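What follows is a set of notes on a single structure, which appears directly below.
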Amino acid sequence: MLELDTIQTFLNSDGSLDVLLTRLKQSINTGDEIAKYVKKKAMIEDDHYTQLKKFAGQVRGLLKNSKNLKNDGFSLHFDQVVEFDEKLHGVGSSYVKALNVMYDELVSLVNTISRSRKVIKEESKRKEKDCADSIALAEKARQKYHHLCDDLEKVKTSDPNKKSFLKNKTAEQQEDDLQRKVDAADQDYRLKVGTCKKLKDELLMIHRPVNSKKLMNLILEMDVAMNVQLQKFATWSETLIMNSGVLISPIQAGKLSMKSIVSTIDNDMDLYNYLIKNSKNPTNKALVPVEYVAHPSFAKDIKPSKPFFANNAPKNNHMNLSAVVANPHSSSTPVSGEHDFRSTSDSQSTAIPSDSHYESQTSAYQYSSLDPGNNDLNGPRSLSLIAQHSQPTFGASIEEVIKFAGIDNVPLVVKRCIDVIETYGLNIEGIYRTSGNKATVQQLKDSIDSSFANYLVIGSNIDPNNVLDADIYCTASLLKIYFASLPEPLLTEEYYQSFIETVKSVDETFIAKKLHHLVYNLPDGAYFTLRSLIFHLNKVAANQDVNRMNAKSLAIIWGPAILSDNSMSPQDLSCKSKVVEELMLIADQIFDAD
């Protein structure tokens, strides 16, 4: 559309420059206003999330330390709800950081375009001024020429006998002088007319088209850049809402949403536990009535008084409240006078679970990623008991292995291999690139499969004073075999395509945020195992001057090991290695430090 004859004709007109300069100024002012809006929004959002986190921390501290507030299941669940506000700070801080980057880019863009506009404007105005000045000089020369021609004509037509208006000169002399002046003026007039036409032609044919094109390109560059920034803003805003939603209502099973946390509040259970806890409080002695007891000297003369209840009332008619609460399921038949109380106690005890049952529920809320029945919560188990498990370690899922052979949600065999390599093998050249002895590696694998407690055999024969490269290569090979033998890759088949597509982007900020989101969605076992592995690979890469294994070399080896290996095309292999390399690069941002 911009190449139409109508547009081109207008661009060559005298008014095109001012129109384009005005349009570019409008784009610059628009970009400046967008930058101000983004900066202000970043400040507001930063203050919002900072104050939200601060206030949430104050509320949680008050809930834990105040004796005037409830300390039961409701308080625990409310604490977990408030904790979401602290977690939202992490999501919001990323959004604020992105807005600040956008502001810096917009300001830089506005300043750059403004400088270019100023240069083009000054150059264009200078060329137009030169042309206008040349035209003015030509017009002045024209007037002078015509004036002299009029004088010459007047001398020629005047009476030669009349007195000359020039003293001491005859009519012939005056005519000759004027003729010379007319000739000089004519020559000067022709020259300046030619000069002004030449400058006008240069302005129309060279300078104006070039400057008009430059201004149009600047306008389009500014508008396109603002459009891109606006698209980024929309993407970041959607990501903020999406991440906030996923945080409050996780997609994956095993992580409780805010709604599910609130829905499990049991007010009856809270009151029941409170009453049980305080049922043994001492009786208020001020409210115990005084029993009449006759003085011993008169005891024989006083007849016993009539009892409060009828004489035919059954014995053991009174029920102690604490006994009822302690044994609400008593099978004895209620006697007269206590029927209503007992039946009420029975109905309540039927609806209210035991205290131990409630404690197990609250434990599940506190350790949402762990099995509440896992004996690991009670301390380390003895190897004699652990050894009774015969389930193999290699070829089993990480979640299954962690149940009987894991620590901190990481399989023991992985933890042991990493510890051995970091203790003795970080300086071994070609670690992970050089394979260990197949027979030795197979022997270690079979031994651990027969009894996972044999993971302690890994590295047990290493002499700290004489570390053999072969021992480290065997440990590294065993670790690679473990991940290669998993029934599902560490990064899961579900998210494989998402990981691959993410690293194909050229936007590093998008890659970092998307990988963080994908890793966050992994199951607990895969998440914590990946965390240990990536931190370990970074430690290996930190010694690349000695071991000759940089991040790229390690990523090439480990990409196929932790991602689905169905495709072996060069492009997919490159993407797999890039996934590992990017995870190593942003490890400190997506994982808590050791």
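The values are calculated or read from the model by the stated rules, or taken from the named source; none is laboratory data. Just so it is clear, the model here is predicted, and its values are computed rather than measured. All Cβ positions, glycine included, derive from the backbone under ideal geometry; neighbour counts span all protein chains shown. Side chains are part of the model used for accessible areas, which takes the heavy atoms of the whole protein and leaves out ligands, DNA and RNA. Shrake-Rupley method; radii C 1.70, N 1.55, O 1.52, S 1.80 Å.
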query = What number of residues in the stretch 513-531 are open to solvent by 20 Å² or more (accessible area, probe 1.4 Å) and either under 16 Å from the mean Cα position of the chain (by Cα) or among the polar types (S, T, N, Q) (or both)?
reply = 5
note = Of the residues in the stretch 160-190 that are modelled with pLDDT of 80 or more and small (Gly, Ala, Ser), the one that is nearest to ARG142 (Cα to Cα) is ALA185
task = Consider VAL96 carefully, then state whether it is in contact (Cβ under 8 Å) with a residue 40 or more places away in the chain, touching an Asp or Glu at 6+ places or on another chain (Cβ under 9 Å), farther than 30 Å from HIS516 by Cα and β-branched (Val, Ile, Thr).
result = no
ask   = Can you spot a residue in the stretch 445-453 that is under 32 Å from the mean Cα position of the chain (by Cα) and of a type in the set (S, T, N, Q)?
value = no
ask   = What tally of residues in the stretch 557-572 results from selecting those that are open to solvent by 10 Å² or more (accessible area, probe 1.4 Å), assigned to a helix (DSSP H, G or I) and either modelled with pLDDT of 95 or more or over 18 Å from LEU426 (Cα atoms) (or both)?
value = 5
task = Would you check which residues across the stretch 468-492 are open to solvent by 20 Å² or more (accessible area, probe 1.4 Å) and either hydroxyl-bearing (Ser, Thr, Tyr) or modelled with pLDDT under 90 (or both) and list them?
result = TYR473, SER485
ask   = Would the stretch 71-87 turn up any residue that is within 17 Å of the chain's Cα centre (by Cα), open to solvent by less than 60 Å² (accessible area, probe 1.4 Å), among the hydroxyl-bearing types (Ser, Thr, Tyr) and closer than 21 Å to ILE248 by Cβ?
value = no
request  = Six or more apart or on different chains, Cβ under 6 Å: which pairs go from a residue in the stretch 195-223 that's open to solvent by 40 Å² or more (accessible area, probe 1.4 Å) to one that's hydroxyl-bearing (Ser, Thr, Tyr) and in a helix (DSSP H, G or I)? Could you list them?
outcome  = THR195/SER134; LEU199/SER134; ASP223/SER27
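Here's the yes/no breakdown for (1) touching a helix residue (DSSP H, G or I) at 6+ places or on another chain (Cβ under 7 Å); (2) in a helix (DSSP H, G or I):
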residue	(1), (2)
PHE233	yes, yes
SER244	yes, yes
ALA253	no, no
TYR272	no, yes
query = Before we move on, is GLU238 in a helix (DSSP H, G or I), in contact (Cβ under 8 Å) with a residue 60 or more places away in the chain and open to solvent by 60 Å² or more (accessible area, probe 1.4 Å)?
reply = no
request  = Please note which helices (runs of 4 or more DSSP H) are completely contained in the stretch 387-501 and include at least 3 residues that are more than 25 Å from LYS552 (Cβ to Cβ) and in contact (Cβ under 8 Å) with a residue 40 or more places away in the chain.
outcome  = 398-405, 412-420, 438-450
